[in-house]
Structure formats: C-alpha cells, structure tokens
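Asker: Below is a structure I'd like to ask you about.
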Amino acid sequence: MKNFLFLTLFLLAFIPTTIEAIEGDPEKGKELFKKNCTSCHSIDLEKKMIGPALSGITEKRSREWLHKWIVDNESLRKSGDREAIAIYKEYGNVKMNSFPQLSEQQIDDILYFIKKPKKTTKKEKKGKKENIELSQDQFLIKIIIFGLSVLSLILLWILYKIHVLTHLLSEDLFIHEKKKKNFWTSIFLFFYKFLGKTKKNWYFLSCSIGSLFLLVIYGIWYFLMQIDVNKGYKPVQPIYFSHKIHSGINGIDCQYCHSIAKYSKVSGIPSANICMNCHITIDEYKDDYIEKGKSREEYNKEIQKIYYAVGWNPEKREYSKKTHPIQWIRIHNMPDFVHFDHSQHIITGEKMIKKSKKVDLTCNACHGEVQNMDQIEMANNFTMEWCISCHRNTEIDTNNQYYKEYFYDLIKKRKGEKITVDMIGGIECAKCHY
C-alpha cells in the first residue's frame, strides 16, 4: 500500500500542470488594449512605460491570475497573493487601475492580442516609411518650385535691364532693329521712342518697373497671408442645427452642450446623447420661428436624423443597437502649432473679456453672436495679429485669485494702473507656440 502511494505521488510530481488556454479575437483585443491600457503600457508590448512590457506575460502568468489582476488587482493583493504584492512593490506602490467593466471574453481578447499580436511586416513598415517620405518630398518640392518661380521673375527682370543697357551702348541699334526685330527689342524701341533720350524719363521708367515688381511681391505675400483665414466660413452640416432656435429663442446655455469648454483646452463636440436629453420627448418642431427659406417639415426631418444616428425608434420608444455616428464638419480649427485653452479664457478671463469686447457671453468675443445665427459661421479672422491685438487691449482681473497669486508683485507695483494681458507675457511666442 505504501509503495502504491509513493508511486502515485511520484507520477503526479512529474505530470505537467495544464494551463487553461486563452482564446480570443486579437483585432478586438487590440482595440480594447488601445482604449484601456495604452495610458500605462506600450502597444509595442516589448517596451516598458509606466507599467511593464507585456510581451510574454501570458506565458508567465495563468489565465485565472491575469483575470483577477485586471478586474481588481487591489483585492488580489489583499488576499495575500505574493506575486501581486511583489509587482506592486516593484513599481513603487503605484496602484494599477481596475477594470471591472470588462467581461471575461473582452479580457481574453486583450490577453490573446498580447499573446499573438499582429506583427507589422518589414514590407508594411517600408511602405509606411516610403509614404511618409513621399509626402515630405512633395511638400519640399512645392516649396522649391515656389522659390524658383519667384527667383525666375527676379532674374527675368534683371536680364531685361541688361538687355536694354547693352542695346543702348550699341551705335547701330536702330539699323540692326530694322533688319531683325523680336519681342523684347520691339518693346524697347517703343519705350525708347516714347520716352526719348533724357535721363529723367528713363529714371521714371526704372522706378515704375521697380514699383510694379514690389507690388507683385506684396500681392504674393498678401495671398500667402490669407491662406487658412476663413472668416465667413459656414459649411453645410450633416444635420441642420440652428443656434438661434436653441441658444437664442430657447435660451439653452452654451455650456450645456459644450460642457467641457470651461474645464478643457477644447470646447468639444456634443454627443448625440445630449441632443436626446430633449429630443427624446420633442419629436416635432412646434415653435413659431421659422427661418427664411425653411419649413416646419424640414426641421422635423432633421430631428429624425438624430434618431437615426443614435438608433432611436420613436414609435416603439426604444433604442436599437444600430447607430450611425454624425460626421460633423469642424468650423473653428486652430493649427496644430497653436495652443489655445478655452478654460483659461472662460474661467480666468471671463470678466475682463466681457468688458473689453462689450459682450454678454465670453463665447461671443471670439465666435460672434452665435445665439443669433441659424447656420454657424466663423465671425472673426483667427490670425495671430487678431489675438495679439486682443491681448494688448484686454486688462487682467486683479481681483482674480490666479493673478493675485502669480503676479502679486506686478499688481502691487502698478496699483491703480491698467495691466493688460501682454504685460504678463501674453504676446510671448512660447505662450501660444509650444
């Protein structure tokens, strides 16, 4: 009997422990990984970020352990799990986020993506690199062509002046011109006969040509300065939305829809769920105001478009799983190299912006009288000159706690005097370009 038990224990010791297999969809896993994990873990999987590199983690840990760790790692540590406690200490006692909202299948999808990520082939990498290089080369070619075009105009003008001077020095100019005439010499003869031989007339001609050349250069410069200056731009949106009806007539506050404008860099595009807060009960337009050229039926069709976007059935009063995201067209679009913070202007600058621009709403200072616009449009030229002019004319609120804390000495020194935004660094390059 003893020999039988010993043999059984011996065999069990050498039988490999079966690890529960992980099966999932790597594509879904990749999307879930991007949404939930990339704030701490590199999608490269082999690079260490705030959290460890995850390549090979499915071989080191069991599926059951990984599930417990992802769903609620704090509970796993409290249970006394040595591995969980060791990882926690290794990374400076920084607690990993818990993800109780993820289902078992979703976690398996993430783990399967980590186990078998879709590797980008060398050919794909080379193709991407070539596309980037091609776009860069095309941009450089455009710049070079533009520069050469301007240089060509200058050289043509210089060559023409040399041509004129060489012919003036020739004694048999008129005899030669009678035998052979071309475009340039014909023009020269015309000016020569018209102006005569006096230096004063030739000086006048040279000044005129020089002025014309400078005017052309100014025209080119002015054209370039108008690129992406879009005052009056008002594209047709996929769903017609009248700010006048919503904000003006019904008095809906700007920040009800653009709720993050007060606390974020951007004002944000309201989700269709915001629309449904009201339109779940308002399925018909019944107000008296109707924009010129529109009809009540057209407004009702736009409400139906919202229902289509969110998958709402107004008859059954229920949502379906079929949604169709609204592809809004952006109107106010700052370049990537410009930093503009809505929260700074709305919270810190609200009082003085209203005073300086003589508006009731801070938003109106930049966006115009939005509450009176049916179709929203750009009301101002968002150029650097426009911004700098505002900073030079708008005072700071010396009673604001932010200015009191950071500019106490300046406020104390210039007590009773006007302190504008440019005096506290409001027109420094790095203020907006970093």
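The values are calculated or read from the model by the stated rules, or taken from the named source; none is laboratory data. Since this is a predicted model, take the numbers as computed values, not measurements. Every residue, glycine as well, gets a Cβ built from its backbone with ideal geometry; the counts of neighbours run over all protein chains shown.
Asker: State all residues of region 83-102 that are in a helix (DSSP H, G or I) and either closer than 13 Å to LEU66 by Cα or more than 38 Å from the chain's Cα centre (by Cα) (or both); if no residue qualifies, say none.
Answerer: Selection gives GLU83, ALA84, ILE85, ALA86, ILE87, LYS89.
Asker: Related question: Tally up the residues in region 266-291 that are basic (Lys, Arg) and surrounded by 14 or more Cβ atoms within 10 Å (Cβ to Cβ), please.
Answerer: Of the residues in that region, 0 qualify.
Asker: Evaluate region 313-333: report whether one residue or more is surrounded by 13 or more Cβ atoms within 10 Å (Cβ to Cβ), of a type in the set (A, V, I, L, M, F, W, C) and without any contact (Cβ under 8 Å) to a residue 60 or more places away in the chain.
Answerer: The answer is no, given that none of the residues of region 313-333 is surrounded by 13 or more Cβ atoms within 10 Å (Cβ to Cβ), of a type in the set (A, V, I, L, M, F, W, C) and without any contact (Cβ under 8 Å) to a residue 60 or more places away in the chain.
Asker: Taking TYR307 as the residue in question, decide whether it is free of Cβ contacts under 8 Å to residues at least 40 places away in the same chain and either touching a Pro at 6+ places or on another chain (Cβ under 7 Å) or at negative phi (or both).
Answerer: yes
Asker: So, one more: Would you confirm whether any residue within region 298-310 is part of a loop (DSSP other than H, G, I, E, B) and basic (Lys, Arg)?
Answerer: Looking for residues that are part of a loop (DSSP other than H, G, I, E, B) and basic (Lys, Arg), one finds none in region 298-310, hence no.
Asker: Evaluate region 269-278: report whether one residue or more is touching a helix residue (DSSP H, G or I) at 6+ places or on another chain (Cβ under 8 Å) and of a type in the set (Gly, Ala, Ser).
Answerer: In the first step, residues of region 269-278 are kept if they are touching a helix residue (DSSP H, G or I) at 6+ places or on another chain (Cβ under 8 Å); the result is 270, 272-276.
With the extra rule that they be of a type in the set (Gly, Ala, Ser), the set shrinks to 272.
Checked against the condition, which is being touching a helix residue (DSSP H, G or I) at 6+ places or on another chain (Cβ under 8 Å) and of a type in the set (Gly, Ala, Ser), region 269-278 yields at least one hit.
Asker: Continuing with this model, one more query. Can you tell me how many residues within region 327-365 are more than 22 Å from SER271 (Cα to Cα) and out of contact with any Lys or Arg (no Cβ under 9 Å at 6 or more places or on another chain)?
Answerer: Number satisfying all stated conditions: 17.
Asker: Given the condition in contact with a Cys (Cβ under 6 Å, 6 or more places away or on another chain) and either assigned by TED's automatic domain parsing to the domain that holds CYS257 or modelled with pLDDT of 90 or more (or both), answer yes or no: does some residue in region 292-308 qualify?
Answerer: Yes: region 292-308 contains one or more residues that are in contact with a Cys (Cβ under 6 Å, 6 or more places away or on another chain) and either assigned by TED's automatic domain parsing to the domain that holds CYS257 or modelled with pLDDT of 90 or more (or both).
Asker: Continuing with this model, one more query. Being assigned to a loop (DSSP other than H, G, I, E, B), surrounded by 14 or more Cβ atoms within 10 Å (Cβ to Cβ) and modelled with pLDDT under 80: is that true of PRO52 here?
Answerer: Yes: the conditions hold for PRO52.
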